[in-house]
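Laboratory data are not the source of any read-out in this text; all were calculated from the coordinates shown. Being a predicted model, the structure only gives us computed values, none of them experimental. For neighbour counting, all protein chains shown are included, and Cβ atoms are generated from backbone atoms with ideal geometry for every residue, glycine included.
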Amino acid sequence: MERPKIALYWCSSCGGCEESVLDLSENILKITESADIVFWPVALDTKYEEVNRMKDGEIAACLINGSIRMDEHEYMAQLLRKKSRIVIAHGSCAYIGGIYGLANFYKREECLNRAYKEVPSVKNPEGILPQAQSRDGEVEIELSGFHDLVKPLNHVIEVDYYIPGCPPNPENVFEAIMSVLQNRTLPKGNVFADQKALCATCSRRDTKPEKAVIKEIKRLHEWQWDPEKCFLAQDMICLGPATRGGCGERCIKANMPCRGCYGPTENIIDQGGKFLSALASIIDSKDKREIEKIADSILDMGGLFYRYCLPSSLLEKKVKSLSS
């Protein structure tokens, strides 16, 4: 009997999701006992042409990490969707857009100018920018095109399952792969994480006040906080109330507040908007100037509340100001 085949692909990401596969440790052996990894560019020299020659649906499961930013990402996502029976969005970038999605606050040209002209460490006196097509003498050079927007995986192909996290908990990765190899029946769109918000399982939940109130918003470096007490109870922003649990509280246990990498729970449409609403409800003031002062103390609302989820949010990208 032919062994099932598994593929892994890396789009626009930092590589942490690839590390989450290595973090399976000896569980990798359990996977290779049951299946063959036939495509994994970070570890195998399989060519795109070899994938193209595979039969449709020949791959049992394909894990795709990273957001969609380049023509190559979209092409490979569509090809692997065609060749795979199950496609799993692997990590925050593929799931909800990820940190790379914050580029949607800027135009494509702004991103390129910043990277290739404005950064102090770059020496580019001629102001040359990458082009999809260019010529070097008689040689034509073609690169992957750079898209206007960063997109989560399900904006370009149909996705069966999701593994959240930046990076994902290795236990979630292992569970996702084994669910396919063991032919478990799961609902379309299943997320390998908790159904409830992180606060429900947080080790500091007993110190969370029944009704939190904030007079000022404190930042981590500004004072000595209690490592056993709920961050919200200490006037610090923690996105646990708007974030799905299942991460193992890695940030909380490292004495850092949640920043939302596991994405929204099922009943939340817009993770950033949900927390903004929650924050507005606990600001302990009715004075307009005081409220504005508290709000102004958050130096980057977009980067904080939409750190991982901007491309999949209701905002999706920067919109024009009403005055423009």
Karplus-derived 3J(HN,Hα), 6.51/-1.76/1.60, for each residue of segment 138-155, Hz, glycine and proline x
9, 9, 8, 10, 10, 10, 5, x, 9, 6, 6, 10, 7, 10, x, 4, 6, 8
Which whole-Hz couplings ³J(HN,Hα) result when phi for each residue of segment 156-166 is put into the Karplus expression 6.51 cos²θ - 1.76 cosθ + 1.60, θ = phi - 60°, listed in order with x for Gly and Pro?
10, 9, 6, 10, 8, 9, 9, 10, x, x, 9
Of PRO4, GLY272, ALA103, whose Cα points farthest to the positive end of the dipole of the chain (charges on the beta-carbon: +1 Lys, Arg; -1 Asp, Glu; origin at the Cα centre)?
GLY272
Given H placed 1.01 Å from N in the peptide plane, which residues other than close sequence neighbours of GLY145 have an amide H under 5 Å from its amide H?
ASP71, GLU72
List the pairs from LYS5/LYS82; LYS215/LYS286; LYS47/LYS82; LYS274/LYS317; LYS83/LYS188; LYS218/LYS317 whose alpha-carbon separation is above 20 Å, in the order I gave them.
LYS218/LYS317
Name the residues whose placed amide hydrogens come within less than 5 Å of the amide hydrogen of VAL150, ignoring near sequence neighbours (fewer than 5 apart) on the same chain.
ASN104
Report, ordered by chain and residue number, the lysines lying within cross-link reach of LYS253, taken as a straight Cα distance under 17 Å and ignoring same-chain residues fewer than 8 apart.
LYS208, LYS229
Those residues of segment 211-228 whose amide nitrogen sits under 11 Å from the label point placed on ASN255, 7 Å along Cα→Cβ
224-228
List every residue whose amide H lies under 5 Å from the amide H of ASP284, counting only residues 5 or more places away in sequence or on a different chain, with H placed 1.01 Å from N in the peptide plane.
ILE214, LYS215
Could you name the lysines whose alpha carbon sits less than 16 Å from that of LYS117, not counting residues in the same chain fewer than 8 places away?
LYS107
Give the order of ARG81, ARG205, ARG289 when sorted by the count of other beta carbons within 10 angstrom, beginning with the fewest.
ARG289, ARG205, ARG81
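If we count other beta carbons within 10 Å of each Cβ, what is the order of ARG114, ARG53, ARG244, fewest first?
Ascending number of Cβ neighbours within 10 Å: ARG53, ARG114, ARG244.
Could you calculate the contour length gain from GLU171 to VAL213, that is, 0.36 nm times the residue separation minus the distance between their Cα atoms, to one decimal place in nm?
11.6 nm
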If the reach is capped at under 16 angstrom between alpha carbons, list the aspartates and glutamates near LYS30, excluding any in the same chain fewer than eight residues apart.
GLU171, GLU175
For segment 137-209 and segment 14-87, what is the separation of their Cα centres, given in Å?
14 Å
Taking 1 over the mean of 1/r across every pair of different Cα atoms in the chain, what Kirkwood radius in Å do you get?
21.6 Å
Treating only the Cβ of Lys, Arg, Asp and Glu as charged (+1, +1, -1, -1), what charge dipole size does the chain show about its Cα centre? Round to the nearest 20 debye.
940 debye
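Within 10 Å of each residue's Cβ, count the other Cβ atoms and sort SER34, SER67, SER297 from fewest upward.
SER297, SER34, SER67
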In range of the label at VAL122: residues from segment 47-79 whose backbone nitrogen is under 14 Å from the point 7 Å along Cα→Cβ:
none
Sites excluded, chymotrypsin sites (Phe, Trp or Tyr not before Pro) in DSSP loops with at most 16 other C-beta within 10 Å, longest stretch of the chain
107-222
Taking the DSSP beta bridges in the chain as the whole, what percent of them are antiparallel, to the nearest 5?
30 percent
